Amino acid sequence: MEGENSIEKGLLLVNKEETSANTTPLLVFTTFIIVSASFTFGVALGYTAGTMSSIMEDLDLSIAQVSLYHIWFAIDFGGMIGAIFSAKSADAFGRKMTLWLAEGFCISGWLAIALAKNVIWLDLGRFFVGIGVGLISYVIPVYIAEITPKNVRGTFTFSNQLLQNCGLATVYYLGNFMAWRTIALIGIIPCLIQFFGLFFIPESPRWLAREGGDEECKVVLQKLRGKEANVMKETREIMICVDATANVSMGSLFKKKYTRQLTIGVGLMLLQQLSGSAGISYYAGSIFELAGFPSRIGMTVLSMVVVPKAILGLILVERWGRRPLLMVSALGLCLSCIFLALSFGLKGVPGFVNFTPTMAFIGVLTFNMMFAAGLGALPWIIMSEIFPMDMKAVAGSLVAITNWFTGWIVSYCFNFMLIWSQPGTFSIFAMISGLTILFAWCLVPETRGLSLEEIQLPHANILS
């Protein structure tokens, strides 16, 4: 208790000083290098949406084998393995070293997929890519949040989602006419950009401070904020919080004082995946075919709209705030799923036969647009902000594992749910999206305009 009071007093004193938060070329370049791997994350997420039928044909796979491919060796299972070690690796070796490790897995995985002669190599490749993106999924939003000033943190962190959607758009479009092996090779390009770009960007100043590099922390902040910027306030804020932290175990995370942070972090990841995002991303082409809508046209249009919607989210995250944008995005997902449920429910009903394919197309299109604009990025942004420095490793691991495990379950069950009942499947997703609105309204705090250290202040009532 005394420690918490001393942190608050110290930060209140520091907050009286003026600070400068410039957006410098180095900050922009560093963010670009960090998020370049998000492009390959997007390619991995949408890889099977346009290539599934050709993969099944070339390797003679059944629906059950395809679902097993998504379970034991696909991106979600590999992602869980990566998520288990992501936060610990980022804390032990640094953000940069963890990203280098991730790129090693991603490059190896994409090469295995591109050169696969049988299903074993295909499975192994997807598994390796999964490990890589599992590491990336935690490190990227945390790394960006730790290097950016508070007034642009949300926008810069949202660029993670923007690059993911660029990857999704690319694979959605190229899947219409390009071989799945060639698309796998394209996934390597952003990995190489990041691998070599990491040599030219600084480590996270907060990680340096935690490792005892006080002077290094200040030097890095000065480079990121510009030569004329006054970084004394920000440096002191970081040092005050770091001095009061200690290494903690997973058991410490379940203390009463962290209940709300844990509920928010885990809850948002569960709701993000249970809204059906993984299934609809993986099987968008199959949904169009089931609805009777031309898959090639649907995937092409999807490739054209997800990026502009992500750009809109990037703009609105600092203007509206995290909480309002999250609720609007969840409302859009809810309405989209209702529309999809109606389209499949009315399929074959006289008078609606000509309209249901278009209704399904609008439903999938709107779902992807609203997901890109909010719920896709915001759980990761909020996760990177709400946990204190000493809890980030254990909390980040738990939250990331929750996300990947739930996505793994949804991606496996999705095909079987569609066989069970197409209207019922999307009705369930609509209800979960509606629950997300209520969850955000009741529990999710607004962190816009606050530094990572200010969010933890008891007097701010952000997390109390």
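The values are calculated or read from the model by the stated rules, or taken from the named source; none is laboratory data. Everything numeric in this text was worked out from a predicted model, so none of it was measured. Virtual Cβ from ideal backbone geometry, glycine too; neighbours counted across all protein chains shown. What goes into the accessible areas is simple: the full protein's heavy atoms, side chains included, and nothing from ligands, DNA or RNA. Shrake-Rupley method; radii C 1.70, N 1.55, O 1.52, S 1.80 Å.
Okay, residues lined up against (1) among the aromatic types (Phe, Trp, Tyr); (2) under 27 Å from Met239 (Cα atoms); (3) modelled with pLDDT under 90:
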position	(1), (2), (3)
Arg323	no, no, no
Ala330	no, no, no
Leu340	no, no, no
Gly345	no, no, no
Phe361	yes, no, no
Leu375	no, no, no
Met383	no, yes, no
Ala395	no, yes, yes
Contact list, first residue from region 257-271 and closer than 13 Å to Phe439 by Cα, second anywhere and open to solvent by less than 30 Å² (accessible area, probe 1.4 Å) and of a type in the set (Ser, Thr, Tyr), beta-carbon distance below 6 Å, six or more apart or interchain, is Val266/Thr402; Met269/Thr402; Leu270/Thr406; Leu271/Thr436
Which of the residues that make up region 401-429 are of a type in the set (Phe, Trp, Tyr) and open to solvent by 20 Å² or more (accessible area, probe 1.4 Å)? Phe405, Trp408, Tyr412, Phe416, Trp420
Sort out which residues of region 320-349 are without any contact (Cβ under 8 Å) to a residue 60 or more places away in the chain, in contact with a Gly (Cβ under 8 Å, 6 or more places away or on another chain) and closer than 21 Å to Met383 by Cα, and write them in order of number. Leu325, Val328, Ser329
Of the residues in region 408-429, those that are touching a Leu at 6+ places or on another chain (Cβ under 8 Å) and within 23 Å of Thr356 (Cα to Cα) come to Leu418, Gln422, Pro423, Thr425, Phe426, Phe429
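Can you tell me which of Ile120, Ile188, Ile183 is β-branched (Val, Ile, Thr) and open to solvent by less than 10 Å² (accessible area, probe 1.4 Å)? Full working, then the answer.
Values: Ile120 fails: open to solvent by less than 10 Å² (accessible area, probe 1.4 Å); Ile188 fails: open to solvent by less than 10 Å² (accessible area, probe 1.4 Å).
Exactly one of Ile120, Ile188, Ile183 is β-branched (Val, Ile, Thr) and open to solvent by less than 10 Å² (accessible area, probe 1.4 Å), namely Ile183.
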Among the aromatic types (Phe, Trp, Tyr), closer than 22 Å to Met370 by Cα, open to solvent by 10 Å² or more (accessible area, probe 1.4 Å) and touching a residue at least 24 places away in the same chain (Cβ under 8 Å) - does that describe any residue in region 156-168? yes
Taking only pairs six or more apart or across chains, which ones have beta-carbon atoms under 6 Å, a first residue in region 421-443 that is more than 12 Å from Leu268 (Cα to Cα) and assigned to a helix (DSSP H, G or I), and a second residue that is among the aliphatic types (A, V, I, L, M) and open to solvent by 30 Å² or more (accessible area, probe 1.4 Å)? Thr425/Met417; Ala430/Ile338
Return a yes/no flag: does region 390-399 have any residue that is surrounded by fewer than 22 Cβ atoms within 10 Å (Cβ to Cβ) and among the basic types (Lys, Arg). no
Within region 77-109, can you find the residues that are under 16 Å from the mean Cα position of the chain (by Cα) and small (Gly, Ala, Ser)? Gly78, Gly79, Gly82, Ala83, Ser86, Ala87, Ala102
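Within region 193-238, which residues are among the aromatic types (Phe, Trp, Tyr) and touching a helix residue (DSSP H, G or I) at 6+ places or on another chain (Cβ under 8 Å)?
Step one: list which residues in region 193-238 are among the aromatic types (Phe, Trp, Tyr), which gives 195-196, 199-200, 207.
Answer for region 193-238, where residues must be among the aromatic types (Phe, Trp, Tyr) and touching a helix residue (DSSP H, G or I) at 6+ places or on another chain (Cβ under 8 Å): Phe195, Phe200, Trp207.
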Is there a residue being open to solvent by 20 Å² or more (accessible area, probe 1.4 Å), at pLDDT below 75, over 19 Å from the mean Cα position of the chain (by Cα) and hydroxyl-bearing (Ser, Thr, Tyr) anywhere in region 67-76? no
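Give Thr366, Thr300, Thr356 a once-over and let me know the one that is hydroxyl-bearing (Ser, Thr, Tyr) and touching a Lys or Arg at 6+ places or on another chain (Cβ under 9 Å). Walk me through it before giving the result.
Numbers: Thr366 fails: touching a Lys or Arg at 6+ places or on another chain (Cβ under 9 Å); Thr300 fails: touching a Lys or Arg at 6+ places or on another chain (Cβ under 9 Å).
None of the others qualify; the one that does is Thr356.
Going through Phe32, Phe41, Phe93 one at a time, which residue ends up being modelled with pLDDT of 80 or more, closer than 19 Å to Gly187 by Cα and open to solvent by 80 Å² or more (accessible area, probe 1.4 Å)?
Values: Phe41 fails: open to solvent by 80 Å² or more (accessible area, probe 1.4 Å); Phe93 fails: closer than 19 Å to Gly187 by Cα.
Exactly one residue qualifies, and that residue is Phe32.
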